[in-house]
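Coordinate-derived values only; no laboratory data. Here the structure is a predicted model, which means the values were calculated and not measured. Backbone-built Cβ (ideal geometry, glycine too); neighbour counts: all protein chains shown.
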Amino acid sequence: MRNVGAWLGRAWGSAGHERHTVLLVVKRVVAATLAWWIAYDLMNATSPAFAPFSAVLTMNVTLHTSVWQTLRYVAAVVVGVAVQAAIGFTAGPDLLAFAVVAIIALVLSQWPALGEQRSQVSTAAFFAFSTYAAATTSTDGARQLGQIIVLVLIGCGVGLVVNLCIAPPLRYRSAEQGLHVLAAEMESLLGDLADGLSEGDVDADRAAQWRRAGERAQDAVGQARAGLHTAENSLPFNPRRLLPAHRSYLDFGCFRQVLSAMERAVHQLASLTRSLDQWRETENTYTYAPAFKAYADFALRLRDIAHVITELDIDTLTEQAQEMLDAAGVAQEALQQVMDTADRYDLPLADVSRPYGVLIVEATRLMEELQNTCDVLREAADA
């Protein structure tokens with residue numbers, strides 16, 4: 001009960017995933033109820049459940065996705081009913097006819113053009129067969145099949161209207177939230193790297209921990225891309241984008257560039273952890289403790305940049321972009337210290353059998369990607 005209460009508290013207190021979920025459930029309830037009322041009370045339909053089922057099935061988090069799902073769903077139902085009509089009127093509602101309908105419908109269910117709604121071809125065909133078999137005459141059977149399509153159209157129409165009229169989802173914050181999650185994973189990894197390097201702790205367990213953290217960051221890249229995709233798809237057909245309050249959130253080019261730069265930075269981090277693992281396994285000649293400490297300070301400076309991104313808010317982008325640029329300047333100085341330390345202790349940067357040179361290259365590339373992220377946000381803030 002405490003977990004449920006906390007979940008409801010988050011839904012009430014902030015416009016996050018929980019509130020979007022509650023809103024979507026409420027809208028589906030409204031759409032299903034309206035569709036049932038039209039099908040059962042007004043039309044006195046034989047199979048009224050088709051209407052609310054269709055209303056719920058095609059309502060999605062964005063209007064753009066709902067429209068496409070509706071078109072594919074209607075196409076799948078029409079194909080399924082057409083298969084039943086063609087076989088039913090030819091062979092009648094017997095067992096052999098059902099087997100033929102099942103074969104054709106299940107084959108058509110593999111049609112890629114119908115996307116996620118492919119399975120509805122066979123579902124519609126089976127329900128249509130059941131309805132046709134219960135009809136007393138061929139004329140009544142044809143009327144029932146036509147009514148199924150009408151009910152599906154009514155349900156889809158009601159779902160689209162409800163989704164359009166009741167708080168049509170404008171999910172531009174999904175792009176920010178995806179970057180927040182990704183930056184949090186990077187911040188955690190960089191902080192752990194700094195702790196381990198400052199203590200000289202690069203043993204097998206610590207290296208494995210860094211690799212797992214790098215994998216989580218890779219997964220977060222996919223989540224961030226999904227959030228950006230949702231944000232972009234929430235704009236088409238959405239009347240709320242025309243309101244003055246939302247016009248500054250309609251261009252996601254900045255988020256796309258930032259995400260691409262952060263994705264490359266994640267790859268560099270993964271390569272960096274592999275190089276550190278190689279250092280642990282092969283090095284027993286050179287003094288590397290000072291280089292570790294310089295690298296630890298560099299990782300901390302990069303963590304400061306990632307921390308700003310974890311709180312990225314387009315409403316305060318100007319201040320945050322400047323904060324990131326300041327942090328990037330400090331990180332550049334820390335990177336120079338890493339290079340100076342390598343020179344001071346004559347580390348073999350050109351020796352391909354040792355990881356020192358690779359670590360310098362990875363640090364430089366990582367700095368370049370995060371600097372690029374800062375520059376992109378600065379340009380977006382200026383615009």
Relative compactness, the stretch 118-197, computed as alpha-carbon Rg over 2.2 N^0.38 Å: 2.21
Semi-axes of the equivalent ellipsoid for the stretch 53-93, please: Cα gyration tensor eigenvalues, times 5, square-rooted, ordered largest first, whole Å. 29, 9, 4
Checking rank on 45-55, 80-90, 324-334, with mean other Cβ inside 10 Å and highest first, the result is 45-55, 80-90, 324-334
Once you have the Cα-Cα distance between ARG212 and ARG256, take 0.36 nm times their residue separation minus that, and quote the gain in nm to one decimal. 13.3 nm
On full extension of the chain, what length is gained from MET43 through ALA142, given 0.36 nm per residue of separation minus the C-alpha to C-alpha distance? 34.0 nm
Between VAL150 and THR90, with labels modelled 7 Å along Cα→Cβ, what's the label distance in nm to one decimal, could you check? 2.7
